[in-house]
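Peer 1: Quick one: this structure, given as structure tokens, is what I'll be asking you about.
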Amino acid sequence: LCQFDMKEKRSFFGQRKDYWDFLCQGLARRRQEHEGVRFVTSLEKVGTGWRGACRLLPPWDCLVHRQLAESLQLCLLDPESLREWYYARSPFLSPQRRAEILGSLYELDGVTFHLAL
């Protein structure tokens, strides 16, 4: 969902930005610390393949700690940022679709996840 209809963005050095950058930016704007995000961003000397695999850690960690919906909701609170990152077909830009997605994710809070990371 985070990649659907996402605009192509590049960093100052030309590297392509993706949903990971959107999530990090959204959480940073809300001044929310997330252990998984902090861990992955600390992997500066690790190859991009390993870093890419580690990007799965925050969503898994959010499931275990029942924070996935809340973390995503914090990123979706700023309509201007959403328009900066996504084209019009993105479900995140539709208030109804966004509410449905977040509602489904909040239902996952009732499920206990024991994931071996």
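Peer 1: Restricting to region 56-95, name every residue that is in contact (Cβ under 8 Å) with a residue 60 or more places away in the chain and among the polar types (S, T, N, Q).
Peer 2: 90
Peer 1: Can I ask one more? Confirm whether residue 32 is modelled with pLDDT under 80 and in contact with a Ser or Thr (Cβ under 9 Å, 6 or more places away or on another chain). Walk me through it before giving the result.
Peer 2: Values: modelled with pLDDT under 80: yes; in contact with a Ser or Thr (Cβ under 9 Å, 6 or more places away or on another chain): yes.
It is true that residue 32 is modelled with pLDDT under 80 and in contact with a Ser or Thr (Cβ under 9 Å, 6 or more places away or on another chain).
Peer 1: Name every residue in region 65-117 that is open to solvent by 30 Å² or more (accessible area, probe 1.4 Å), assigned to a helix (DSSP H, G or I) and touching a strand residue (DSSP E or B) at 6+ places or on another chain (Cβ under 9 Å), in order of residue number.
Peer 2: Within region 65-117, 84, 93 qualify.
Peer 1: Return the pairs, sorted by first residue and then second, in which the second residue is polar (S, T, N, Q) and surrounded by 15 or more Cβ atoms within 10 Å (Cβ to Cβ), the first residue lies in region 96-111 and is under 16 Å from residue 77 (Cα atoms), the beta carbons are less than 7 Å apart, and the residues are 6+ apart or on different chains.
Peer 2: 102/73
Peer 1: Something else now. Checking the conditions here, which among 22, 4, 39, 13 is at pLDDT 80 or above and open to solvent by less than 90 Å² (accessible area, probe 1.4 Å)? Reasoning before the result, please.
Peer 2: Working: 4 fails: open to solvent by less than 90 Å² (accessible area, probe 1.4 Å); 39 fails: at pLDDT 80 or above; 13 fails: open to solvent by less than 90 Å² (accessible area, probe 1.4 Å).
Residue meeting the stated conditions: 22.
The values are calculated or read from the model by the stated rules, or taken from the named source; none is laboratory data. What you see is a predicted model; the values in this text were computed from it and never measured. Cβ atoms come from the backbone with ideal geometry, glycine included; neighbour counts cover every protein chain shown. Heads up: the accessible areas ignore ligands, DNA and RNA and are worked out on the full protein's heavy atoms, side chains in. Shrake-Rupley method; radii C 1.70, N 1.55, O 1.52, S 1.80 Å.
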